[in-house]
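K.L.:
Would you mind keeping the following structure in view while I ask a few things?
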Amino acid sequence: TGARNNERMDETKEAPLPLLIEQTFQLIQTQIGVSRKLRDLFFEERPEYPTFAWQETIINAVAHRDYSLRGNEIEVRMFDDRLEAKNPGLPPEPVTIEELQQRKPVHASRNPRIMRVLKALGFVRERGEGLPRVFEETEESFLPPPELTAVGRFFKIVLSEENTA
């Protein structure tokens, strides 16, 4: 609510899955800011979120969405200080949020056909390495670790900007 709910834009997309993913990546890329940070003796430009981290967050939502929960969509929301991806369905059993937070390379496919398509298109490798790498990429970019939460029957990943405190 309030200032924490100031989204950068509101747009709905519908298309065949491979095209939808590419269109979403292109749109989000236009919204990702770039900062200049002093590293050693040189200024270095970095996107506010590592490309792999936000792309994997979206692919994860598509791949592991519970498509039986009708009337609910995948939501990717960008705010001034964070990017959120929320999808219907909790992590597929036996995967737990705790294991994911511990960066364990766990994997289970709720949607094996979708995973096969995503693998054929080069978006995934089906090894459970995606979220552990999101943690690594955000850490290497000096960002807080991703927040992984269950919100009712939804799974949400939040990528936050640098802490300014």
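K.L.:
If we scan segment 5-19, do we find a residue that is loosely packed, with under 14 Cβ neighbours inside 10 Å and under 19 Å from Glu137 (Cα atoms)?
P.N.:
Taking every residue of segment 5-19 in turn, none turns out to be loosely packed, with under 14 Cβ neighbours inside 10 Å and under 19 Å from Glu137 (Cα atoms).
K.L.:
So, in segment 66-88, exactly how many residues are of a type in the set (Lys, Arg), over 19 Å from Val34 (Cα atoms), touching a strand residue (DSSP E or B) at 6+ places or on another chain (Cβ under 6 Å) and modelled with pLDDT under 95?
P.N.:
The qualifying residues number 0.
K.L.:
Could you check, for segment 38-51, whether at least one of its residues is of a type in the set (A, V, I, L, M) and open to solvent by less than 40 Å² (accessible area, probe 1.4 Å)?
P.N.:
No: zero hits.
K.L.:
Would you point out the residue of segment 50-81, among those that are among the aromatic types (Phe, Trp, Tyr) and more than 10 Å from the chain's Cα centre (by Cα), that is nearest to Arg127 (Cα to Cα)?
P.N.:
Going through segment 50-81, the residues among the aromatic types (Phe, Trp, Tyr) turn out to be 52, 54, 67, 79.
After this cut, where a residue has to be more than 10 Å from the chain's Cα centre (by Cα) as well, the list is 67, 79.
Values: Tyr67: 22, Phe79: 31 Å.
Top of the filtered list is Tyr67.
K.L.:
Please work out which residue is most open to solvent (accessible area, probe 1.4 Å), limiting yourself to segment 115-126 and to residues that are touching a residue at least 60 places away in the same chain (Cβ under 8 Å) and more than 17 Å from the chain's Cα centre (by Cα).
P.N.:
Step by step, filter segment 115-126, then rank; the result is Leu121.
K.L.:
Say whether the condition of being more than 24 Å from Asn6 (Cβ to Cβ), part of a helix (DSSP H, G or I) and of a type in the set (Gly, Ala, Ser) is met by at least one residue in segment 56-69.
P.N.:
Yes: one or more hits.
K.L.:
Please go through segment 129-164 and pick out each residue that is open to solvent by 20 Å² or more (accessible area, probe 1.4 Å), in contact (Cβ under 8 Å) with a residue 40 or more places away in the chain and in a helix (DSSP H, G or I).
P.N.:
Those that are open to solvent by 20 Å² or more (accessible area, probe 1.4 Å), in contact (Cβ under 8 Å) with a residue 40 or more places away in the chain and in a helix (DSSP H, G or I): Arg133, Glu137, Glu140.
K.L.:
Here is a further query. Is it true that Glu22 is open to solvent by 60 Å² or more (accessible area, probe 1.4 Å) and closer than 17 Å to Glu137 by Cβ?
P.N.:
Against the criterion (open to solvent by 60 Å² or more (accessible area, probe 1.4 Å) and closer than 17 Å to Glu137 by Cβ), Glu22 does not qualify.
The values are calculated or read from the model by the stated rules, or taken from the named source; none is laboratory data. A quick note: this is a predicted structure, and the numbers were derived from the prediction, not measured. Glycine gets a Cβ as well: all are built from the backbone with ideal geometry, and neighbour counts include every protein chain shown. Areas reflect the complete protein model, heavy atoms only, side chains present, ligands, DNA and RNA absent. Shrake-Rupley method; radii C 1.70, N 1.55, O 1.52, S 1.80 Å.
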